[in-house]
Amino acid sequence: MTNFNRPNVLFPAYVDQPKSLERLWKRWQMIIEPIQPDLVGMRVLDIAAHDGRWAYAFSCSGATSIVAIEARQALVDQFSSYPDDELKASVDFKCQEVFTYLDSAVRGNETFDVVAILGFLYHTMDHHRLFDLIRQLRPKLIIIDSEFLNANNAVIQITGERTDNPLNAAPYFAGQEKALVGTPSVGAMERFAESIGYDVFGSTRLKTNKAIRPGYETTIAAVESSVEFVIWCKNASPQATLHQNRPTKSQT
(Lines give C-alpha, C1' and ligand atoms only; values in the text may rest on other atoms or scores of the structure.)
Protein backbone atom coordinates (compact mmCIF):
# COMPACT_ATOMS: atom_id res chain seq x y z
CA MET A 1 0.00 0.00 0.00
CA THR A 2 1.35 3.42 -0.94
CA ASN A 3 2.50 5.64 1.91
CA PHE A 4 1.08 9.00 0.85
CA ASN A 5 2.64 10.91 3.75
CA ARG A 6 5.84 11.62 1.87
CA PRO A 7 6.64 14.83 0.00
CA ASN A 8 7.64 13.16 -3.25
CA VAL A 9 4.31 11.28 -3.35
CA LEU A 10 2.11 14.23 -2.37
CA PHE A 11 3.85 16.72 -4.68
CA PRO A 12 5.45 14.65 -7.47
CA ALA A 13 5.69 17.59 -9.87
CA TYR A 14 8.23 19.22 -7.54
CA VAL A 15 10.73 16.43 -6.96
CA ASP A 16 13.28 18.29 -9.09
CA GLN A 17 12.67 21.55 -7.20
CA PRO A 18 13.96 20.78 -3.69
CA LYS A 19 13.27 24.21 -2.16
CA SER A 20 9.72 24.30 -3.48
CA LEU A 21 9.16 20.71 -2.40
CA GLU A 22 10.40 21.47 1.11
CA ARG A 23 8.12 24.50 1.37
CA LEU A 24 5.09 22.50 0.19
CA TRP A 25 5.90 19.66 2.57
CA LYS A 26 6.14 22.02 5.56
CA ARG A 27 2.85 23.64 4.61
CA TRP A 28 1.21 20.23 4.26
CA GLN A 29 2.49 19.14 7.68
CA MET A 30 0.90 22.20 9.29
CA ILE A 31 -2.26 22.51 7.23
CA ILE A 32 -3.39 19.04 6.17
CA GLU A 33 -1.66 16.46 8.32
CA PRO A 34 -3.49 17.35 11.60
CA ILE A 35 -6.90 16.78 9.97
CA GLN A 36 -5.93 14.22 7.32
CA PRO A 37 -7.89 11.25 8.79
CA ASP A 38 -11.01 13.41 8.90
CA LEU A 39 -10.77 14.39 5.22
CA VAL A 40 -11.70 10.88 4.06
CA GLY A 41 -14.89 11.04 2.03
CA MET A 42 -15.04 14.84 2.07
CA ARG A 43 -15.85 17.19 -0.81
CA VAL A 44 -13.20 19.91 -1.14
CA LEU A 45 -13.03 23.15 -3.13
CA ASP A 46 -9.46 24.24 -3.97
CA ILE A 47 -9.49 27.94 -4.90
CA ALA A 48 -6.77 29.22 -7.26
CA ALA A 49 -5.39 25.71 -7.60
CA HIS A 50 -2.27 26.58 -9.66
CA ASP A 51 -1.12 23.28 -11.25
CA GLY A 52 -3.31 21.12 -9.00
CA ARG A 53 -0.68 20.42 -6.35
CA TRP A 54 -3.04 20.84 -3.39
CA ALA A 55 -5.96 19.19 -5.15
CA TYR A 56 -3.73 16.15 -5.72
CA ALA A 57 -2.60 16.22 -2.06
CA PHE A 58 -6.23 16.37 -0.90
CA SER A 59 -6.96 13.33 -3.06
CA CYS A 60 -3.97 11.55 -1.53
CA SER A 61 -5.43 12.41 1.87
CA GLY A 62 -8.70 10.61 1.17
CA ALA A 63 -11.02 13.35 -0.08
CA THR A 64 -13.27 11.71 -2.65
CA SER A 65 -14.34 14.79 -4.60
CA ILE A 66 -12.17 17.83 -5.22
CA VAL A 67 -13.12 20.77 -7.41
CA ALA A 68 -10.04 22.78 -8.39
CA ILE A 69 -10.41 26.28 -9.85
CA GLU A 70 -7.60 28.00 -11.75
CA ALA A 71 -7.80 30.96 -14.15
CA ARG A 72 -4.74 30.13 -16.28
CA GLN A 73 -5.15 27.28 -18.78
CA ALA A 74 -1.39 26.69 -18.99
CA LEU A 75 -1.36 25.80 -15.29
CA VAL A 76 -4.44 23.59 -15.58
CA ASP A 77 -2.74 21.68 -18.40
CA GLN A 78 0.20 20.84 -16.11
CA PHE A 79 -2.05 18.66 -13.95
CA SER A 80 -1.94 15.94 -16.61
CA SER A 81 1.70 15.29 -15.67
CA TYR A 82 0.75 14.08 -12.17
CA PRO A 83 1.34 10.33 -12.07
CA ASP A 84 -1.60 8.57 -10.38
CA ASP A 85 -4.64 8.45 -12.68
CA GLU A 86 -6.91 7.14 -9.92
CA LEU A 87 -6.05 10.06 -7.65
CA LYS A 88 -6.45 12.54 -10.51
CA ALA A 89 -9.89 11.08 -11.27
CA SER A 90 -11.16 12.52 -7.97
CA VAL A 91 -10.28 16.04 -9.15
CA ASP A 92 -12.59 18.10 -11.34
CA PHE A 93 -10.18 20.74 -12.62
CA LYS A 94 -11.89 23.81 -14.08
CA CYS A 95 -10.20 26.68 -15.91
CA GLN A 96 -12.28 29.58 -14.65
CA GLU A 97 -11.86 32.89 -12.92
CA VAL A 98 -12.46 32.34 -9.21
CA PHE A 99 -15.45 34.64 -8.81
CA THR A 100 -17.07 33.45 -12.02
CA TYR A 101 -17.00 29.92 -10.66
CA LEU A 102 -18.16 30.89 -7.16
CA ASP A 103 -21.10 32.86 -8.54
CA SER A 104 -22.21 29.89 -10.65
CA ALA A 105 -21.68 27.43 -7.79
CA VAL A 106 -23.86 29.50 -5.47
CA ARG A 107 -26.58 29.77 -8.14
CA GLY A 108 -26.37 26.00 -8.57
CA ASN A 109 -26.76 25.38 -4.82
CA GLU A 110 -23.46 23.52 -4.66
CA THR A 111 -22.01 22.67 -1.26
CA PHE A 112 -18.58 21.64 0.02
CA ASP A 113 -17.29 20.19 3.27
CA VAL A 114 -13.99 22.05 3.05
CA VAL A 115 -12.91 25.17 1.17
CA ALA A 116 -9.14 25.66 0.82
CA ILE A 117 -7.67 29.09 0.05
CA LEU A 118 -4.00 28.24 -0.11
CA GLY A 119 -1.89 31.11 -1.42
CA PHE A 120 -4.62 33.22 -3.06
CA LEU A 121 -5.82 35.73 -0.49
CA TYR A 122 -3.02 38.22 -1.18
CA HIS A 123 -3.77 38.07 -4.93
CA THR A 124 -7.24 39.66 -4.75
CA MET A 125 -8.94 42.88 -3.69
CA ASP A 126 -12.39 41.30 -3.24
CA HIS A 127 -11.93 39.66 0.16
CA HIS A 128 -15.41 40.28 1.53
CA ARG A 129 -17.10 39.12 -1.67
CA LEU A 130 -14.89 36.02 -1.65
CA PHE A 131 -15.81 35.07 1.89
CA ASP A 132 -19.52 35.80 1.44
CA LEU A 133 -19.70 33.56 -1.63
CA ILE A 134 -17.83 30.82 0.23
CA ARG A 135 -20.28 31.15 3.14
CA GLN A 136 -23.12 30.33 0.74
CA LEU A 137 -21.39 27.04 -0.18
CA ARG A 138 -21.90 26.01 3.48
CA PRO A 139 -18.45 24.52 4.19
CA LYS A 140 -17.71 23.00 7.58
CA LEU A 141 -14.14 24.27 7.39
CA ILE A 142 -12.41 27.12 5.60
CA ILE A 143 -8.63 26.69 5.51
CA ILE A 144 -6.58 29.76 4.67
CA ASP A 145 -2.83 29.74 4.09
CA SER A 146 -1.68 33.23 3.30
CA GLU A 147 0.40 36.30 3.88
CA PHE A 148 -0.99 38.54 6.62
CA LEU A 149 -0.06 41.98 7.83
CA ASN A 150 1.28 41.55 11.33
CA ALA A 151 -1.21 43.94 12.92
CA ASN A 152 -4.15 43.48 15.28
CA ASN A 153 -6.14 46.39 13.84
CA ALA A 154 -8.36 45.52 10.89
CA VAL A 155 -6.60 46.88 7.80
CA ILE A 156 -5.82 45.80 4.25
CA GLN A 157 -2.67 47.01 2.52
CA ILE A 158 -3.11 47.63 -1.20
CA THR A 159 -0.32 46.94 -3.66
CA GLY A 160 -0.07 46.02 -7.34
CA GLU A 161 1.08 42.89 -9.16
CA ARG A 162 2.10 42.30 -12.75
CA THR A 163 -0.34 39.85 -14.30
CA ASP A 164 2.18 38.31 -16.71
CA ASN A 165 3.73 36.37 -13.81
CA PRO A 166 1.81 33.10 -13.28
CA LEU A 167 2.50 33.32 -9.55
CA ASN A 168 0.66 36.65 -9.35
CA ALA A 169 -2.94 37.74 -9.71
CA ALA A 170 -4.69 36.94 -12.98
CA PRO A 171 -5.91 39.96 -14.99
CA TYR A 172 -9.45 41.14 -14.23
CA PHE A 173 -9.93 42.18 -17.86
CA ALA A 174 -8.16 41.57 -21.17
CA GLY A 175 -4.96 43.55 -21.48
CA GLN A 176 -4.63 44.45 -17.80
CA GLU A 177 -0.90 44.51 -17.06
CA LYS A 178 -1.06 45.26 -13.35
CA ALA A 179 -3.79 44.27 -10.90
CA LEU A 180 -4.51 45.74 -7.50
CA VAL A 181 -4.28 43.24 -4.65
CA GLY A 182 -4.74 43.51 -0.91
CA THR A 183 -3.02 41.87 2.05
CA PRO A 184 -5.31 41.68 5.12
CA SER A 185 -4.06 42.07 8.66
CA VAL A 186 -4.53 39.43 11.34
CA GLY A 187 -7.20 41.67 12.85
CA ALA A 188 -9.02 41.97 9.53
CA MET A 189 -9.14 38.18 9.22
CA GLU A 190 -10.87 37.94 12.59
CA ARG A 191 -13.45 40.51 11.46
CA PHE A 192 -14.03 38.67 8.18
CA ALA A 193 -14.62 35.38 10.01
CA GLU A 194 -17.05 37.01 12.43
CA SER A 195 -18.95 38.69 9.59
CA ILE A 196 -19.83 35.37 7.92
CA GLY A 197 -20.54 33.48 11.14
CA TYR A 198 -17.37 31.39 11.49
CA ASP A 199 -15.12 30.87 14.48
CA VAL A 200 -11.36 31.20 14.21
CA PHE A 201 -10.26 27.85 15.56
CA GLY A 202 -6.60 28.73 15.58
CA SER A 203 -3.52 29.58 13.62
CA THR A 204 -0.06 28.15 13.29
CA ARG A 205 3.08 30.07 12.49
CA LEU A 206 6.47 28.73 11.45
CA LYS A 207 9.04 31.23 12.64
CA THR A 208 12.40 31.50 10.93
CA ASN A 209 15.28 33.93 10.99
CA LYS A 210 14.47 35.85 7.84
CA ALA A 211 11.25 37.52 6.75
CA ILE A 212 10.65 38.12 3.07
CA ARG A 213 8.96 41.49 3.65
CA PRO A 214 9.37 43.47 6.89
CA GLY A 215 6.12 43.60 8.85
CA TYR A 216 4.55 40.64 7.10
CA GLU A 217 3.91 37.01 7.91
CA THR A 218 4.38 35.28 4.58
CA THR A 219 4.39 31.96 2.79
CA ILE A 220 6.45 33.21 -0.14
CA ALA A 221 9.71 31.26 -0.03
CA ALA A 222 10.72 27.96 1.42
CA VAL A 223 12.02 27.98 4.98
CA GLU A 224 13.33 31.55 4.78
CA SER A 225 9.86 32.89 5.55
CA SER A 226 7.36 32.88 8.36
CA VAL A 227 4.31 30.77 7.55
CA GLU A 228 0.88 31.24 9.04
CA PHE A 229 -2.45 29.62 8.36
CA VAL A 230 -5.85 29.87 9.97
CA ILE A 231 -8.80 27.51 10.12
CA TRP A 232 -12.34 28.85 10.35
CA CYS A 233 -15.05 26.46 11.47
CA LYS A 234 -18.58 26.30 12.85
CA ASN A 235 -18.59 26.20 16.66
CA ALA A 236 -16.28 23.19 17.12
CA SER A 237 -12.79 21.93 16.47
CA PRO A 238 -11.97 21.10 12.83
CA GLN A 239 -12.07 17.37 13.59
CA ALA A 240 -15.43 17.56 15.34
CA THR A 241 -16.83 19.82 12.65
CA LEU A 242 -15.90 17.41 9.87
CA HIS A 243 -17.53 14.55 11.75
CA GLN A 244 -20.86 16.36 11.99
CA ASN A 245 -23.34 14.92 9.46
CA ARG A 246 -20.59 12.66 8.13
CA PRO A 247 -21.94 10.17 5.56
CA THR A 248 -22.00 6.53 6.60
CA LYS A 249 -20.57 3.79 4.41
CA SER A 250 -24.08 2.91 3.25
CA GLN A 251 -24.56 6.52 2.07
CA THR A 252 -21.31 6.75 0.10
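Can you list the strands (runs of 3 or more DSSP E) lying wholly within the stretch 60-177 that have 1 or more residues being modelled with pLDDT under 95 and over 15 Å from the mean Cα position of the chain (by Cα)?
156-162
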> Considering only the stretch 1-39, how many residues are touching a residue at least 24 places away in the same chain (Cβ under 8 Å), β-branched (Val, Ile, Thr) and either surrounded by fewer than 19 Cβ atoms within 10 Å (Cβ to Cβ) or outside any loop (DSSP other than H, G, I, E, B) (or both)?
Replying inline: 3
> Out of Ala68, Ala116, Ala55, Ala48, which single residue is on the phi > 0 side of the Ramachandran plot and touching a helix residue (DSSP H, G or I) at 6+ places or on another chain (Cβ under 9 Å)?
Replying inline: Ala48
>> Testing Leu149 on (1) farther than 27 Å from Ala63 by Cα; (2) out of contact with any helix residue (DSSP H, G or I) (no Cβ under 8 Å at 6 or more places or on another chain); (3) of a type in the set (A, V, I, L, M); (4) surrounded by 17 or more Cβ atoms within 10 Å (Cβ to Cβ), one condition comes back false. Which one is that?
In response: (2)
> Among the residues of the stretch 23-59, which ones are among the acidic types (Asp, Glu) and modelled with pLDDT under 90?
Replying inline: Glu33, Asp38
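The values are calculated or read from the model by the stated rules, or taken from the named source; none is laboratory data. Keep in mind that what you see is a predicted model, and the values were worked out from it rather than measured. Cβ atoms come from the backbone with ideal geometry, glycine included; neighbour counts cover every protein chain shown.
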